[in-house]
């Protein structure tokens, strides 16, 4: 479903955006910009979800287990296969 969008923008910004877009319609350019804005916001949300891991030392056990113990077992397992 498409909706009509009517707005006023800075003339110089619009001219530069049209040059960068390399042709096409203003509608296509605006849709591309809106998709980029949404993707940028999603990336910010994903990055923010990692903040909890940055705040904790890497060896801190959590609901998934004990990372230090997992790594120790993995190293032993690889050593046993050699």
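Of note:
- Taking 16, 2 and counting other C-beta atoms within 10 Å, the order from fewest to most: 2, 16
- Residue 1 versus residue 25: modelled label distance in nm, points set 7 Å from Cα along the beta carbon direction: 1.9
- The distance between label points at residue 13 and residue 35 comes to 2.1 nm (points 7 Å beyond Cα on the Cα→Cβ vector).
- For semi-axes √(5λ) of the Cα gyration tensor in Å, the candidate list reads (1) 16, 14, 12; (2) 21, 15, 11; (3) 51, 16, 12; the entry that matches the value derived from this model is (3).
FYI, it's all coordinate maths here, none of it is from the lab. Bear in mind the structure is a predicted one, so any value in this text is a computation, not a measurement. Heads up, the Cβs are rebuilt from the backbone with ideal geometry, glycines too, and the neighbour counts pull from every protein chain shown.
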